[in-house]
Structure formats: C-alpha cells, structure tokens
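The values are calculated or read from the model by the stated rules, or taken from the named source; none is laboratory data. Keep in mind the model is a prediction, meaning the values are calculated, not measured. Cβ coordinates were reconstructed from backbone atoms using ideal geometry, including for glycine residues, and neighbour counts include every protein chain displayed. Each accessible area value is taken on the protein alone, full model and side chains, heavy atoms only, with ligands, DNA and RNA left out. Shrake-Rupley method; radii C 1.70, N 1.55, O 1.52, S 1.80 Å.
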Amino acid sequence: MTPPADQGTGRLGDTIIAPLQPPADVHLDDTSDNILKPLAGFREKMTGKLVQPYTRWTQHPSRNLGLRFAPPYGQGDEENRMLNELGGFGFGYLWGAQGRAANLGKAAKAAQDDTAQVKQGLTAAWQGKAADSAAEKLDDFSKASGEYLGTVNGFSQLLHQLWQTVRKPILDLGQVPENGGQAPKKFLDAHKPEDTDGLLMFMDRLDEAIKWGRDNGDGIELSSLWGNARSGSEVARSQEYGTGPIAPQDIRGMSVDLDTDYNSKWSDMFCRQMDEYCQQYSDAMDAYRQYIRNAHTAATNGLRAFSDGLNVPTDPFGRLQLGADSGSGGHDKGSSGRNDGGGGDSKPPSSGGGGDTKPQQATVPPQVGPTPAQPQTPPAQPDPNQNPVTHKPLEVDPSTGQPYPIDPRTGEAVKTEHEAPDTVTVQHGEHKITMSEPDDHGKMAVSIGDGTGHDKAYQLDFGDQADKADKAPGTGAGAAQGDPAARPHDGSAPP
C-alpha cells in the first residue's frame, strides 16, 4: 500500500494539476479604450469646419422650417457622459479570467473523480466502523467538490456572458466612422472640410439678398412662369443699388444669383443644398448617439446581470474543517459554507444570467417558554497529559504522537512492538503530503511539508463515536489504561 515518494507519471492528483494552465488567446490590449480610439477622428471632423455651416444654417430664417435638426456634436449627453463611462473595460482580462475559472472547473471535476477512485480502493481494502467513517468523509469532500465545480463553472459563464454582452456593441460603436452605408460615413464621404468655406460665402450672399434684394432692380423673376427658366440679376451690393428686402422664406422660391462670376448659384437651389447638408449631419449624429446608447445599455445590463449572478457560496469546503461540524454529529447537512444565514445546500449559477438570485435569509424563531436553568460548573477533569498513578507526565510514543498505555498497578508505560503502518506520499514540486494507513482504532497520521524543512504533523481520528464514549475520562477501562482515545479535544465533540 506504500507507493514510493516519487511516483513519476500517473500519480493520483496529476489529473487535477493538468488543467491548471494559463488560458489561450488572451490579448490584454483588447480594451474598450483601444476599440474606441477611431472615434477621436470622427469627433475632430464633426466639431471642426464641418459643423460651422450646420450650426449657422439650422438657425437661419431661410431654412426648411419643417425639418428637425439634432444638436451638434458636443451638446448631447451621449458623447459627453455615456461615452466616457464606456471606457475602462479590459476585455482581454475578462477573457483570461473566464478561461482560468473554466480550468478550475476541470480541476474540480478531476478531484471529484479521484475521490471516487480513492473511496473505491479504500472500501475494498478496509472494513469496519472506522472505514465507514472515512468513506463518509470522502463523500463529504466529493459533495463539496461538486459544489465548487458548479460555482467556478457558473463564474466562468458569468464572465463570458459579460465579455460577449458588452464587447460587441462597443466594437460596433468603434467602427461607426468606417461602416459602409451608415449615416456617419455617408456624411463624411459627401463633404470635405475645405468645401465649407464656399458654403459660408454663399450664406453671406444670401443674407445680403434678404437685406437689399437684387442689384439695380433689373432682374426679372421668370422661374414661377417658365419652370426652370431663369433670368435674374446678382445680389445687390448695398441698399442704394438694391430692389429692397426679400422675406427669408420667400427667397427659397426665388432665383437670385448668389455667385459673382460667370457661374450661377441660385438662391432656391442653395437653400435646398443647405437643407440636405444639415439633414445629413443631423442623421449622422442621430446614428452615432444611438450606437452610444446601445453600447451603454448593454454595458449596464451586462454588469447588473454579472452582479446578480455572483450570489454563490464563497467556501464550499468550509464545513470540512476540523471543528466546523461540532455538535452536529459530524455532518452539516443544512449548511453550504455560506455565511449569509441561508439554510439548505447552495446552488451555483447554471448560467451567466441574472435573475432572482438574491440570498434567502433564514428566519430565527423567537424564544418562548421559561428561561432554561444555567448548567452547573462541571467537575474538574484529570489532566490528560499526566500519569494518573505516578502523577508525572505521560510518556509519548514518537511513532504515533500518542501516550503509551500504562500499567494500572505500577503506572509504568507499556511499550509493545508494533508494525509501522503503511504510508502514501503525494508530492508536487517542493510540496509533499504523507498519510499513514489508519490503525485498528481509526487513527491516521498526516504530514505536510513545503520544502522549507518545517513539516507540520496532524493526527486524524476516524474511530467510532460510541467506542470513544466508552473510553471517556472516568469511565470504563480506557480511563484506567490512559487510552489516548479518552483524551478530550478542546471541550468539543471528538473529531
């Protein structure tokens, strides 16, 4: 039963260690800040020369009064607040964390399988009440491993859902300036910043026409009579040579030439051109802000679902600690290691979604009836480390760490030769765990070393509780013989 310390390949526990590897395809530069960098160029264009004709025409009295124009870039809550709140997402870190959690789930599954294998071998080679107790402890460990498996797998799913829910709309937002056929790209492709100087110049000429009318009054408005036929003079240069003011909305239907050279820029055509320009700018901003709202909503919902899904047990193995199940007969069936006051076995999330996953708080019933009498002070117990006959310290067996049995007449230690128990050692690097085969009383020695030379030794007791009660101090043969099983354990129930 005693394998060598260096067991080579195929060691029990190798299947647990194998999945604990760094996840693949982790790119730490995959962040929302990097994804949204292209928006800086879009912002510069939409707040530069392209916005000047827009802000001026959307307030002009000759604009199409039936059109709605969005506020220019910089006046929306989306680009001023929501966009800033979308920064700081480390999608590469989220991807790596979900991969590590998934690997922990694989290790937990391997631990559960290995525990089943250990139990099978144990029950085949060891029978009795102590063996049954040891098997039950293995069952408790397997159950805790199953809860831990569900916890880390659920956490991995939560991380993956958060990554997927938030990253896609932010990626779409970052590609807004390059999305073919979309309103922002359509506007940027149709208009160049250097073209805005001409638009502003013709807007000045339009204002002059509204103020002074045509030059010399020689123009004849024929467009209303012959459709597209046009014959009109240029804008007057001053009130002295003009035909008089023109109503801003009337000039939308007049053919006043706003150009000063041999080309023509008719007032009605220019008004429609500016309406179209501003409509495209407005559509671009509407689409851009909608992308921001989509990403912000997805991030908010994703973080809320992630937070709701984190209601999981924090320490499924807590009840396996020595003393954790004191007073419950060794089996804490109603606790899952959580300290939220909830009863019953905790259920890890089966998916990354949110929902009603808030912890259920246990209701403590009020105390009723008379106050119970206070227990009397128990009689002083004999010192378990003192020989009851000679009143000297008990002599300890170095091989077991327990006192030798004593002769009830003389008080001398009874040293009998016994065969050293078989041991098994599991080693990984400098860390080593050595466990002895349980003896006839269900006692097992465990030694843990970390490579520093300061090994820690423990004694586990899987003996039957009824046998220990018979050997309690002051009762039965155990008291007379100084049986180690009769020693109290810090006033708590025997382990």
Meets criteria (without any contact (Cβ under 8 Å) to a residue 24 or more places away in the chain and closer than 19 Å to Q75 by Cα) for Q280: no
Scan the range 199-216 residue by residue and report those that are more than 60 Å from the chain's Cα centre (by Cα) and either in a helix (DSSP H, G or I) or crowded, with 19+ Cβ neighbours inside 10 Å (or both). R205, E208, A209, I210, K211, W212, G213, R214, D215
Considering only residues that are open to solvent by less than 60 Å² (accessible area, probe 1.4 Å), under 19 Å from Q21 (Cβ atoms) and either without any contact (Cβ under 8 Å) to a residue 60 or more places away in the chain or among the hydrophobic types (A, V, I, L, M, F, W, C) (or both), which ones fall in the range 106-155? A107, A108, A110, A111, L149, V152
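Regarding Y288, is this residue modelled with pLDDT of 90 or more, within 30 Å of the chain's Cα centre (by Cα) and open to solvent by less than 40 Å² (accessible area, probe 1.4 Å)? Lay out the reasoning, then the answer.
Working: modelled with pLDDT of 90 or more: yes; within 30 Å of the chain's Cα centre (by Cα): yes; open to solvent by less than 40 Å² (accessible area, probe 1.4 Å): yes.
So Y288 fits the description; yes.
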Name the single residue that is nearest to S447 (Cα to Cα) among those in the range 390-413 being open to solvent by 60 Å² or more (accessible area, probe 1.4 Å) and modelled with pLDDT under 75. S399
In the range 163-196, residues that are crowded, with 16+ Cβ neighbours inside 10 Å and of a type in the set (G, A, S) total 2
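Given the criteria over 29 Å from N179 (Cα atoms), assigned to a loop (DSSP other than H, G, I, E, B), open to solvent by 80 Å² or more (accessible area, probe 1.4 Å) and not β-branched (V, I, T), does P61 qualify? Working first, answer last.
Working: over 29 Å from N179 (Cα atoms): yes; assigned to a loop (DSSP other than H, G, I, E, B): yes; open to solvent by 80 Å² or more (accessible area, probe 1.4 Å): no; not β-branched (V, I, T): yes.
Against the criterion (over 29 Å from N179 (Cα atoms), assigned to a loop (DSSP other than H, G, I, E, B), open to solvent by 80 Å² or more (accessible area, probe 1.4 Å) and not β-branched (V, I, T)), P61 does not qualify.
Check R68, R56 and return the single one that is open to solvent by 60 Å² or more (accessible area, probe 1.4 Å), in contact (Cβ under 8 Å) with a residue 40 or more places away in the chain, closer than 30 Å to D275 by Cα and not in a loop (DSSP other than H, G, I, E, B). Break it down stepwise before answering.
Numbers: R68 fails: not in a loop (DSSP other than H, G, I, E, B).
Exactly one of R68, R56 is open to solvent by 60 Å² or more (accessible area, probe 1.4 Å), in contact (Cβ under 8 Å) with a residue 40 or more places away in the chain, closer than 30 Å to D275 by Cα and not in a loop (DSSP other than H, G, I, E, B), namely R56.
Which of the residues spanning the range 23-53 are farther than 22 Å from P193 by Cβ and part of a helix (DSSP H, G or I)? Even if it seems obvious, please write down each step before you answer.
Step one: list which residues in the range 23-53 are farther than 22 Å from P193 by Cβ, which gives 23-36.
Within the range 23-53, S32, D33, N34, I35 qualify.
Go through S264, S255, S282 for me and flag whichever is of a type in the set (S, T, N, Q), buried (at least 20 other Cβ atoms within 10 Å of the Cβ) and not in a helix (DSSP H, G or I). Spell out how you get there, then give the answer.
Details: S264 fails: buried (at least 20 other Cβ atoms within 10 Å of the Cβ); S282 fails: not in a helix (DSSP H, G or I).
Criteria check complete, one pass: S255.
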